Amino acid sequence: MKKLWGGRFSKDLASETESFTQSIDVDSRMVLHDIWGSEAHAIMLARQEIISQDDLREILKWLERAKEDFEKGRFKLKPELEDVHMNVETYLIEGAGVEFGGKLHTARSRNDQVLVDAKLYIREQILKTEELLCALAEEFIKVAKDYPDAVMPGYTHTQHAQPITLGFWATAYVSMFLRDLRRLKNAYEIVNTNPLGACALAGTSFPIDREFTTWLLGFDSTHEHALDVISSRDFIAETLCALAILSSNLSKLAEEIVYWSTYEFGMIELDDAYALGSSIMPQKKNPCVAELIRARTGRVYGALMDLLTVLKGLPMGYNRDLQEDKPPLWEAFDQIQSALSILTEMIPTTKFKIDRMEELAGANFSTATELANYLVREHGLPFRKCHEIVGSVVGELARKGLTFSDLEETQRLLEERGVVVSIDELKSVLDPRRAVENNRSLGGTSPREVMRMTDSLLDKLRDHEFSIKTRRDGIDRAYRRTRRIVEGVLKGEDLEGIIEELISEEVVAEEG
């Protein structure tokens with residue numbers, strides 16, 4: 001097949017070369033984005049009188065047919081045409097003829113075209129990921145509201161540390177997810193700049209209007225420097241970094257689900273819909289969903305390293321290496337979105353075993369720090385001295401197979417070290433629930449502070465949800481602008497008149 005770029009060449013590509021260089025599987029996600037970008041480009045060319053309105057009408061007619069055929073499954077991407085751009089342009093030329101279709105690529109290169117398609121798609125996927133993460137955070141907010149004072153053990157080094165509450169644990173994840181949301185939003189802002197008009201690498205001698213296509217496509221701004229535009233893929237690296245960190249955080253959650261659901265911990269029970277059995281052991285109920293989320297973190301990390309390796313040492317300008325920028329990002333989006341979706345379904349069906357949590361909270365000296373703090377407050381001893389006293393008491397109790405629940409022995413050991421405490425006072429100090437309530441410092445475990453943080457975190461989550469909606473609305477407005485122009489031109493309306501009408505309507509809406 002004769003290539004659209006084949007004028008320089010005297011023979012066809014080897015079939016092996018065609019197969020090796022095509023990107024159809026990756027590009028199939030961007031067909032509609034390619035058509036939107038092409039329509040915006042054609043409208044700009046006509047507005048700048050680089051092509052005629054008759055040219056524009058014919059181009060738009062066939063681009064609309066391409067879109068309709070794709071949506072109905074009739075537009076099949078041909079590998080021999082290399083990529084989505086050549087497929088769409090070939091469809092246009094075959095339908096409209098080269099005298100019309102051949103004008104679309106004026107003042108444009110595949111180098112800036114692929115960036116337009118990718119950015120239109122990536123910004124949608126970032127927003128989808130943010131929405132899914134917000135939904136998961138909402139489920140943790142519900143856990144926090146349901147269990148602000150349910151006592152459980154807190155861990156460091158996977159060893160009992162201090163008592164906390166289930167609500168405190170849940171709000172920790174919301175706090176963490178809010179940082180993930182900030183990173184995704186930052187990535188979105190870097191992605192959402194207009195590359196169209198940079199052309200191959202040096203701009204063009206045609207009198208194009210890049211700010212106009214920025215408006216039509218809903219980008220926040222225009223990425224000006226043409227050489228930097230074509231060379232840049234750091235916006236993909238930025239997105240992958242945010243996804244990799246998010247994946248790490250989801251893996252943290254998955255790990256806790258795995259060991260909390262063991263017989264030894266027994267703090268949660270997974271719903272049967274989110275656990276699998278064993279082919280040989282009838283009693284097994286395995287947390288396979290969480291294990292796979294934990295494992296697939298490697299795919300997301302691998303995607304980031306894949307992309308960074310592709311970018312390493314590339315000179316300025318377009319290099320075909322950059323064709324390999326999208327597969328790792330698509331993989332990361334797929335893995336993250338799948339994990340977020342299933343976790344959001346799994347968390348509300350999970351049974352939290354509150355009695356078992358409280359039992360564990362008081363079983364292994366978790367209130368030792370509170371006892372040391374009590375000695376500082378009530379006996380005026382230096383903290384280091386109190387640490388030494390309590391540590392030695394714990395050591396002796398442990399060697400005897402006893403715990404703080406053995407109050408008389410604990411009292412006796414303290415008296416041996418010069419500390420006199422009544423049984424009633426000791427019982428109060430060593431009570432995990434009382435210890436939790438005492439930690440009233442900002443960000444601490446007290447139920448009142450947990451409830452305050454829950455409300456605060458929910459407010460921040462609502463702000464981010466509003467940000468997502470605002471950005472989605474901006475994309476939708478831009479798409480409607482393009483649709484209004486396309487439909488008007490195809491009906492025979494004057495192009496400039498449609499644009500002036502749109503601008504006037506938006507000014508009125510803003511002032512209103």
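The values are calculated or read from the model by the stated rules, or taken from the named source; none is laboratory data. None of the values given here were measured: they were computed from a predicted structure. When we count neighbours, we look across all protein chains shown, and the Cβ atoms used for this are built from the backbone with ideal geometry, even at glycine. Heavy atoms of the whole protein, side chains included, go into the accessibility calculation; ligands, DNA and RNA do not. Shrake-Rupley method; radii C 1.70, N 1.55, O 1.52, S 1.80 Å.
A few comments on the model shown:
- Normalised by residue number, the volume inside the convex hull of the Cα atoms of segment 292-370 is 175 Å³ per residue.
- Residues in segment 404-512 average 58 Å² of solvent-accessible surface per residue, probe 1.4 Å, ligands and nucleic acids excluded.
- Heavy-atom surface of segment 110-245, accessible at 1.4 Å and reported per residue (Å²): 34 Å²
- Degrees separating the helix 326-346 axis from the principal Cα axis of the chain, which is the longest one: 40 degrees
- Net dipole in debye of segment 416-482 [+1 Lys, Arg Cβ; -1 Asp, Glu Cβ; about Cα centre; nearest 20]: 640 debye
- Ranked by how many other beta carbons lie within 10 Å on average, peptides 262-274, 104-116 from highest: 104-116, 262-274
- In straight-distance terms, cross-link reach from Lys285 covers every one of the aspartates and glutamates whose alpha-carbon lies under 15 Å from its own, apart from those fewer than eight places away in the same chain; here that gives Glu264, Glu269, Asp271, Asp272.
- Per-residue ellipticity at 222 nm computed for the chain from its helices equals -22000 deg cm²/dmol, with DSSP H segments shorter than 4 residues left out and the rest contributing -39,500 (n - 2.57).
- Reachable lysines from Lys76, criterion Cα separation under 27 angstrom, eight or more residues apart if same chain: Lys2, Lys3, Lys11, Lys61, Lys67, Lys103, Lys119, Lys128, Lys326
- Largest to smallest in accessible area, the residues Lys284, Lys312 fall in the order Lys312, Lys284 (1.4 Å probe, all protein chains included).
- Remark on segment 35-183: ratio of C-alpha radius of gyration to 2.2 N^0.38 Å is 1.76.
- Furthest towards positive pole of dipole, Ile336, Gln323, Ile354, structure part segment 319-359, Cβ charges: Ile354
- Each Lys and Arg adds +1 at its Cβ and each Asp and Glu adds -1 at its Cβ; summed about the Cα centre, the chain shows a dipole of about 940 debye.
- Taking the protein heavy atoms of the chain in the context of the full set of protein chains, the accessible area attributed to carbon and sulfur is 51 percent at 1.4 Å.
- Values (i) 33.1, 130; (ii) 30.9, 101; (iii) 21.7, 73 are given for comparison; Rg and Dmax of the Cα atoms in Å, derived from the coordinates here, is the one labelled (ii).
- Segment 324-375 shape via C-alpha gyration tensor axes, a/c threshold 1.5: oblate
- Computed E for Ala200/Glu64 - FRET, C-beta separation, R0 30 angstrom, nearest 0.05: 0.60
- Value of relative contact order over the chain, rounded to a whole percent, pairs C-alpha under 8 Å and six or more apart: 17 percent
- DSSP-defined beta bridges in the chain - what % are antiparallel, rounded to 5: 80 percent
- Proximal charge balance of Ser341 [Cβ under 14 Å; K/R count +1, D/E count -1]: -4
- Magnitude of the charge dipole for segment 166-275, about its Cα centre and with charges confined to Cβ atoms of Lys, Arg (+1) and Asp, Glu (-1), is about 300 debye.
- Vicinal HN-Hα couplings computed from phi for segment 467-477 (Karplus, 6.51 cos²θ - 1.76 cosθ + 1.60; Hz; Gly/Pro x): 4, 4, 4, 4, 5, 4, 4, x, 5, 4, 4
- Loop sites in segment 47-142: GluC sites (Glu not before Pro), DSSP, at most 16 other Cβ within 10 Å: Glu49
- Positive-end ranking of Leu426, Asn364, Ser446 along the dipole of segment 355-456, with charges on Cβ about the Cα centre, is headed by Ser446.
- Annotation: extensible slack from Arg417 through Asp321 equals 27.4 nm (criterion: 0.36 nm per residue apart, minus Cα-Cα distance).
- Added length on full extension, which subtracts the Cα-Cα distance from 0.36 nm per residue, Asp234 to Glu49: 63.2 nm
- Signed unit charges on C-beta, dipole axis of segment 139-193, positive-most listed residue Ile164, Val174, Val191: Val191
- Solvent-accessible area per residue, Å², over segment 340-389 with all protein chains present [probe radius 1.4 Å]: 51 Å²
- Available extension along the chain between Leu495 and Glu94 is 141.8 nm, counting 0.36 nm per residue and deducting the alpha carbon span.
- Zone of Ser248's modelled label, taken as backbone nitrogen in segment 261-291 under 15 Å from a point 7 Å along Cα→Cβ: none
- Peptide ranges 482-491, 141-150 listed from the most packed, as the mean C-beta count within 10 angstrom indicates: 141-150, 482-491
- Extending 7 Å from the Cα toward the beta-carbon at both Lys72 and Leu308 defines two label points whose distance is 4.8 nm.
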